[in-house]
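Please treat every number below as a calculation from the coordinates, not as lab data. Since we're looking at a predicted model, the values are computed, not measured. Glycine also receives a Cβ, built like all others from the backbone with ideal geometry; neighbour counts cover every protein chain displayed.
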Amino acid sequence: MKFINMYFVGYVVLIVGLMLGLWQAGILQALAPIWIAIGLIVAVGLGIMLAVSAGKPPTATIQS
């Protein structure tokens, strides 16, 4: 699995863990479902941006 995929999978696992913790604490019950969906979309978008920015290191250019 590529580094960028591993990074994103780890981020998704983190978000799922946070959501389960908030659900278990009863915090999600006080929020409207639309705000939960908006928060998830923003979190996934942030995860994609972080995964892409932390992608493979730049390759060295070959000079002739």
If I model a spin label at Ile41 and Ile15 as a point 7 Å from the Cα along the Cα→Cβ vector, what separation in nanometres do I get?
1.2
Gain in span if fully extended, Ala32 to Val52, counting 0.36 nm per residue against the direct Cα distance
4.1 nm
